[in-house]
1. For region 113-123, in order, what is each residue's ³J(HN,Hα) by Karplus, 6.51 cos²θ - 1.76 cosθ + 1.60 with θ = phi - 60°, in whole Hz (x at glycine and Pro)?
2. Report the Cα centroid-to-centroid distance between region 31-55 and region 56-92 in angstrom, as an integer.
3. Mean shadow of region 1-63, computed from the convex hull of its alpha carbons, in nm²?
4. Could you pull the accessible area for H116 with a 1.4 Å probe, rounded to 10 Å²?
5. Test of understanding: in a Gaussian network model of the chain with alpha carbons linked when under 10 Å, which of S81, S61, S32 would top the mean-square fluctuation ranking?
6. Filter the cross-link list K30/K63; K9/K123; K21/K123; K92/K120 down to pairs whose alpha-carbon distance in this structure exceeds 21 Å.
7. Identify which of E79, E106, E20 has the largest mean-square fluctuation in a Gaussian network model of the chain, with springs joining Cα atoms closer than 10 Å.
8. Work out from phi, with θ = phi - 60° and the Karplus expression 6.51 cos²θ - 1.76 cosθ + 1.60, the ³J(HN,Hα) of each residue of region 40-57, listed in order in whole Hz, and give x for Gly and Pro.
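The values are calculated or read from the model by the stated rules, or taken from the named source; none is laboratory data. Remember, predicted model here, so these are calculated numbers, not experimental data. To get the accessible areas, we keep the full protein, side chains included, count just its heavy atoms, and leave off ligands, DNA and RNA. Shrake-Rupley method; radii C 1.70, N 1.55, O 1.52, S 1.80 Å.
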Amino acid sequence: GSLDHLGLKEALESLISDFEKRTDIIYTYKKSEIPLLDNTTSTAIYRIVQEAITNAIRHASPKRINVGLFFKDGVVSLEISDDGIGFDVEEKKQNGLVFGILGMQERAELVGGRLHIFSKKGKGTTIIGRFPINKS
């Protein structure tokens with residue numbers, strides 16, 4: 001609902017604000033101007049952010065979560081990072097990625113994007129998404 005009324009940047013701001021009210025975590029949200037995105041891409045990015053923050057809260061015990069949304073050279077870039085407990089990415093790949101991570105990757109690929117996950121035990125997690133945008 002908020003995506004339709006507010007647009008992606010403002011909907012993410014509202015989402016992060018809701019998480020701030022429910023947790024003791026410090027959030028930062030940095031953004032630049034982005035072009036108008038189709039509903040499918042906006043929804044995918046929104047849901048990826050929602051899932052990433054939810055996973056961090058549930059599993060990582062972070063004190064801080066940072067979200068960035070930027071547009072440059074025809075690509076919307078998304079970055080979500082936390083200072084939580086982290087995990088071994090290779091171990092997760094060998095044992096089968098957790099459902100939430102797999103879902104985020106599938107959402108990104110569905111709209112022609114790519115999602116990369118970097119994490120180390122004790123060092124937090126960073127999720128980077130790149131979404132090429134065809135402006136017509």
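1. Computed from phi, the couplings for region 113-123 are x, 9, 10, 10, 10, 10, 7, 9, 4, x, 10 Hz.
2. Cα centres, region 31-55 to region 56-92: 13 Å.
3. Average of the hull's projected areas for region 1-63 equals 4.4 nm².
4. Per-residue accessible area (H116): approximately 70 Å².
5. S32
6. K9/K123; K21/K123
7. The residue with the greatest mean-square fluctuation here is E20.
8. 5, 5, 4, 5, 4, 5, 4, 5, 5, 4, 4, 5, 4, 5, 4, 4, 4, 4
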